[in-house]
Amino acid sequence: MVDYPRYAIYYVPAPGSSLDRFGAHLLGYDAFSGKDLPFPDDTLKQVPDWRELTRDPRKYGFHATLKAPMFLADGKTETSLLSACEAFAATPRAIPVIRPVVGSIEGFLAVIPAEPLPELVRLAADCVSEFDSLRAPLTEQDRGRRNPSQLTPAQREHLDRWGYPYVMDDFRFHMTLTGRLGAERREPVLAILADRFAVLDLPTLPIDRLAVFRQADAESRFRIINHWGLRARDD
């Protein structure tokens with residue numbers, strides 16, 4: 001059995017930004033401070049079971065996955081992880097800029113790019129490969145939780161190679177706002193969230209930050225322990 005803590009490398013909006021506050025209040029949790037937040041009153045009036053709908057993503061905080069939750073390999077430490085992330089952030093690179101919308105992905109509602117963006121896939125792939133030497137091997141129990149029989153052959157290969165199935169060509173950027181919703185709930189809730197998101201007036205979003213999240217134990221929520229802006233390449 002692998003001992004906690006567990007770590008993840010995520011994109012997060014800048015702390016205090018309109019998008020950060022949008023996601024944190026909808027989930028009822030601020031991953032920067034580790035504190036609960038009140039849900040928006042109008043959302044609770046429109047969706048009385050909003051707390052339950054957001055139960056699963058609340059555990060992780062508002063984010064987009066770049067390197068999925070992992071235990072550290074033998075000999076690797078939190079300090080070495082943070083140092084690797086700092087070096088990654090300081091390396092000049094093309095900064096992906098998406099047109100963000102609220103949409104549905106596999107039944108979950110999330111902030112997603114309106115169009116595919118190769119630069120974003122490349123950024124995520126670089127994170128997956130760059131930090132993989134820090135990851136402990138996947139246990140058979142953890143592998144089984146991913147239901148490998150339900151995955152495509154490519155996704156099973158990703159799971160075995162990288163510890164997570166939805167990477168490389170199977171990566172889809174998303175900042176989750178709800179758990180999986182049935183078809184009858186999805187469209188009404190999507191309309192409510194799209195209206196709230198429109199108020200932000202956010203035509204573009206640079207994916208220009210990296211954060212390390214830590215989960216202290218199996219019952220704890222993930223919390224941000226450090227974050228960095230990505231250095232843009234001079235073209």
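Does region 218-235 hold any residues that are outside any strand (DSSP E or B) and farther than 20 Å from Leu27 by Cα, and which are they? Before the answer, list the steps.
Step one: of region 218-235, the residues outside any strand (DSSP E or B) are 218-222, 230-231, 233-235.
Answer for region 218-235, where residues must be outside any strand (DSSP E or B) and farther than 20 Å from Leu27 by Cα: Leu230, Arg231, Arg233, Asp234, Asp235.
With respect to Leu66, determine if the residue is crowded, with 17+ Cβ neighbours inside 10 Å, assigned to a helix (DSSP H, G or I) and in contact (Cβ under 8 Å) with a residue 60 or more places away in the chain. Here the answer is no, as Leu66 does not meet what is asked. Of the residues making up region 187-235, those that are aliphatic (A, V, I, L, M), surrounded by fewer than 19 Cβ atoms within 10 Å (Cβ to Cβ) and out of contact with any helix residue (DSSP H, G or I) (no Cβ under 8 Å at 6 or more places or on another chain) are Leu190, Ala191, Ala194, Ala198, Val199, Ala216, Ala218, Ala232. Within region 75-132, the set of residues being touching a Cys at 6+ places or on another chain (Cβ under 9 Å) and in a loop (DSSP other than H, G, I, E, B) comprises just one member, Phe131. Restricting attention to region 101-150, and to residues there that are farther than 26 Å from Thr54 by Cα and among the β-branched types (Val, Ile, Thr), which single residue is surrounded by the fewest Cβ atoms within 10 Å (Cβ to Cβ)? Filtering first and then ranking leaves Thr139.
Quick one: count up the residues across region 25-37 that are in contact (Cβ under 8 Å) with a residue 12 or more places away in the chain, out of contact with any Lys or Arg (no Cβ under 7 Å at 6 or more places or on another chain) and surrounded by fewer than 20 Cβ atoms within 10 Å (Cβ to Cβ). Talk me through it step by step, then tell me what you get.
Kept after step one, since they are in contact (Cβ under 8 Å) with a residue 12 or more places away in the chain, are these residues of region 25-37: 25-32, 34, 37.
From what's left, out of contact with any Lys or Arg (no Cβ under 7 Å at 6 or more places or on another chain): 25-26, 30, 32, 37.
Those still in the list that are surrounded by fewer than 20 Cβ atoms within 10 Å (Cβ to Cβ) too: 25, 32, 37.
Of the residues in region 25-37, 3 are in contact (Cβ under 8 Å) with a residue 12 or more places away in the chain, out of contact with any Lys or Arg (no Cβ under 7 Å at 6 or more places or on another chain) and surrounded by fewer than 20 Cβ atoms within 10 Å (Cβ to Cβ).
Per-residue answers, yes or no, for (1) at pLDDT below 95; (2) touching a strand residue (DSSP E or B) at 6+ places or on another chain (Cβ under 8 Å); (3) loosely packed, with under 15 Cβ neighbours inside 10 Å; (4) assigned to a helix (DSSP H, G or I):
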| position | (1), (2), (3), (4) |
| --- | --- |
| Asp20 | no, no, no, yes |
| Phe39 | no, no, no, no |
| Glu52 | no, no, yes, yes |
| Pro57 | no, yes, no, yes |
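Among the residues that make up region 161-181, is at least one of them within 18 Å of the chain's Cα centre (by Cα), surrounded by 15 or more Cβ atoms within 10 Å (Cβ to Cβ), over 13 Å from Lys67 (Cα atoms) and at pLDDT below 95? No: zero hits.
Taking region 71-83 as the search range and keeping residues that are closer than 14 Å to Leu210 by Cα and under 19 Å from the mean Cα position of the chain (by Cα), which one is surrounded by the most Cβ atoms within 10 Å (Cβ to Cβ)?
First, the residues of region 71-83 that are closer than 14 Å to Leu210 by Cα: 81-83.
Next, only the ones that are under 19 Å from the mean Cα position of the chain (by Cα) stay: 81-82.
On the way: Leu81: 22, Leu82: 15.
This residue is Leu81.
The values are calculated or read from the model by the stated rules, or taken from the named source; none is laboratory data. Model, not experiment: these values are computed from the prediction. Please note: Cβ atoms are built from the backbone with ideal geometry, for glycine as well, and neighbour counts cover all protein chains shown.
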